[in-house]
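A.B. asks: If you scroll down you'll find the structure; I have some questions about it.
The values are calculated or read from the model by the stated rules, or taken from the named source; none is laboratory data. The structure displayed is predicted, hence computed values, not measured ones. Cβ sites come from the backbone with ideal geometry, for glycine too, and all protein chains shown count toward neighbours. Areas reflect the complete protein model, heavy atoms only, side chains present, ligands, DNA and RNA absent. Shrake-Rupley method; radii C 1.70, N 1.55, O 1.52, S 1.80 Å.
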Amino acid sequence: MKKHLPFLFILATVILFQGCSSPKYIYDKSSYERQKELRNSRGGNVFVDVMAGVGTVFVGAMLECEIDYVPSEQQFKKLNLINPTNDTLYINMLTDLIWDNEGYCDFMDIRIPPKLNCKVMVPMHAAYNLYFSDTPESHDDEMIEIFTTDVKRFTLYPGMTLEADSSILPAK
């Protein structure tokens, strides 16, 4: 077991830093900063909930009674955006949810490379209009509305919002 201890320590450290890293596919500066704020806020909430739970157990054991602890409602979740295509996807996520005095909790200029995914921290109980395309221009964006309470992972591919009947589509 002692032989494997350094390997396990390095593996745990890599996993911890990978889980705590900010999304590298968000290129809009204000969206990137907002994502860091959401991650820090969620980390603080998790820490407070864990410490309150440990304190409740400790006090309950000292007083030899049962104390009910109700954790706070989860405010954020990770949304996994998956790009299964061979092209880079350009994504903008717009909502009417106000984050701070400066503006909405939108995430602009997300670029997911081919065959990769991006985890975005989003507020719970929010509706997002997700605009995406495989070109950087906005004239050919497709739009899908998602609710953060309903989805955990979302696979995006161009043409998914187009209707099956191609006879009603305009000619190119």
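A.B. asks: Got a number for residues in region 130-141 being closer than 11 Å to Leu89 by Cα, assigned to a strand (DSSP E or B) and not hydroxyl-bearing (Ser, Thr, Tyr)?
C.D. replies: Residues in region 130-141 being closer than 11 Å to Leu89 by Cα, assigned to a strand (DSSP E or B) and not hydroxyl-bearing (Ser, Thr, Tyr): 1 in total.
A.B. asks: Please go through region 83-93 and pick out each residue that is open to solvent by 40 Å² or more (accessible area, probe 1.4 Å) and closer than 14 Å to Ile146 by Cβ.
C.D. replies: Here is the first cut: in region 83-93, the ones open to solvent by 40 Å² or more (accessible area, probe 1.4 Å) are 84, 86-88, 90, 92.
Selection gives Asn92 alone.
A.B. asks: Going through Ala61, Ala52 one at a time, which residue ends up being assigned to a helix (DSSP H, G or I), modelled with pLDDT of 75 or more and open to solvent by less than 90 Å² (accessible area, probe 1.4 Å)? Even if it seems obvious, please write down each step before you answer.
C.D. replies: Details: Ala52 fails: modelled with pLDDT of 75 or more.
Exactly one of Ala61, Ala52 is assigned to a helix (DSSP H, G or I), modelled with pLDDT of 75 or more and open to solvent by less than 90 Å² (accessible area, probe 1.4 Å), namely Ala61.
A.B. asks: Look at Lys172 and say whether it is of a type outside the set (S, T, N, Q), in a loop (DSSP other than H, G, I, E, B), surrounded by fewer than 15 Cβ atoms within 10 Å (Cβ to Cβ) and at pLDDT below 85. Quick ask: steps written out before the conclusion?
C.D. replies: On the way: of a type outside the set (S, T, N, Q): yes; in a loop (DSSP other than H, G, I, E, B): yes; surrounded by fewer than 15 Cβ atoms within 10 Å (Cβ to Cβ): yes; at pLDDT below 85: yes.
Taking the combined requirement at face value, the residue satisfies it.
A.B. asks: A follow-up question, please. Restricting to region 71-84, give me the number of residues that are at pLDDT below 75 and under 30 Å from Ile110 (Cα atoms).
C.D. replies: Our first condition is that a residue be at pLDDT below 75; within region 71-84, this holds for 71-74.
Those left that are additionally under 30 Å from Ile110 (Cα atoms): 73-74.
Summing the residues that are at pLDDT below 75 and under 30 Å from Ile110 (Cα atoms) in region 71-84 gives 2.
A.B. asks: Yes or no: Asp68 at pLDDT below 95, under 13 Å from the mean Cα position of the chain (by Cα) and at negative phi? Lay out the reasoning, then the answer.
C.D. replies: Details: at pLDDT below 95: yes; under 13 Å from the mean Cα position of the chain (by Cα): no; at negative phi: yes.
Criteria not met by Asp68.
A.B. asks: Here's something else I'd like to know. Kindly list, by first and then second residue, each pair from a residue in region 87-109 that is in a loop (DSSP other than H, G, I, E, B) to a residue that is modelled with pLDDT of 90 or more and polar (S, T, N, Q), limited to pairs with Cβ atoms under 7 Å and residues at least 6 apart or on different chains.
C.D. replies: Matching pairs, first to second residue: Cys105/Thr95; Asp106/Thr95.
A.B. asks: Would you call Asp96 at pLDDT 90 or above, more than 14 Å from the chain's Cα centre (by Cα) and open to solvent by 30 Å² or more (accessible area, probe 1.4 Å)? Lay out the reasoning, then the answer.
C.D. replies: Details: at pLDDT 90 or above: no; more than 14 Å from the chain's Cα centre (by Cα): yes; open to solvent by 30 Å² or more (accessible area, probe 1.4 Å): yes.
It is false that Asp96 is at pLDDT 90 or above, more than 14 Å from the chain's Cα centre (by Cα) and open to solvent by 30 Å² or more (accessible area, probe 1.4 Å).
A.B. asks: Quick one: how many residues across region 110-129 are over 24 Å from Asp96 (Cβ atoms) and assigned to a loop (DSSP other than H, G, I, E, B)?
C.D. replies: 4
A.B. asks: Which of the residues that make up region 142-160 are open to solvent by 40 Å² or more (accessible area, probe 1.4 Å), of a type in the set (Val, Ile, Thr) and either assigned to a strand (DSSP E or B) or touching a helix residue (DSSP H, G or I) at 6+ places or on another chain (Cβ under 8 Å) (or both)?
C.D. replies: Here is the first cut: in region 142-160, the ones open to solvent by 40 Å² or more (accessible area, probe 1.4 Å) are 143, 145, 147, 149-150, 152-153, 155, 157-158, 160.
Next cut, of a type in the set (Val, Ile, Thr) only: 149, 155.
Hit for region 142-160 is Thr155, nothing else.
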